[in-house]
Amino acid sequence: MKRLTLLLCVIVMFGCTSSQKLAKPGVTQNEWSQDYYECSVQADQSIGYNAAYRTALGNAIASGNDHQRSFDSCFEAKGYRKVSSEEYEQMTGK
């Protein structure tokens with residue numbers, strides 16, 4: 001059980017991090033928030049996401065990958081693009 005917990009922690013810590021961010025020049029915080037919400041809902045719907053029914057670790061990881069791809073595709077369709085963390089800081093000042 002301890003090994004499974006450790007494996008899960010490693011996957012969460014390293015598997016979900018990225019040095020790329022989605023950015024769109026000139027977008028306001030309100031526009032970004034609305035786009036984020038819309039893409040989150042769309043990604044949830046695209047995989048039939050319901051956290052109450054998640055039982056297997058493998059299923060959760062696979063669904064998480066599909067969810068992220070759907071979310072990224074939605075953001076890219078709205079004009080965002082993946083940039084490095086450094087480029088993101090230059091674009092946004094954050």
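Arrange the peptides 68-76, 84-92 so that the one whose residues have, on average, the most other Cβ atoms within 10 Å appears first.
On the way: 68-76: 16.8, 84-92: 13.1.
Packing proxy ranking, top to bottom: 68-76, 84-92.
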Please give the FRET efficiency for residue 90 paired with residue 42, using the beta carbon to beta carbon distance and R0 = 30 Å, rounded to the nearest 0.05.
0.55
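Read-outs: derived from the displayed coordinates by stated rules, not from any lab. Quantities reported herein were computed from a predicted structural model and do not represent experimental measurements. So basically every Cβ, Gly included, is an ideal-geometry build from the backbone, and we count neighbours across all protein chains shown.
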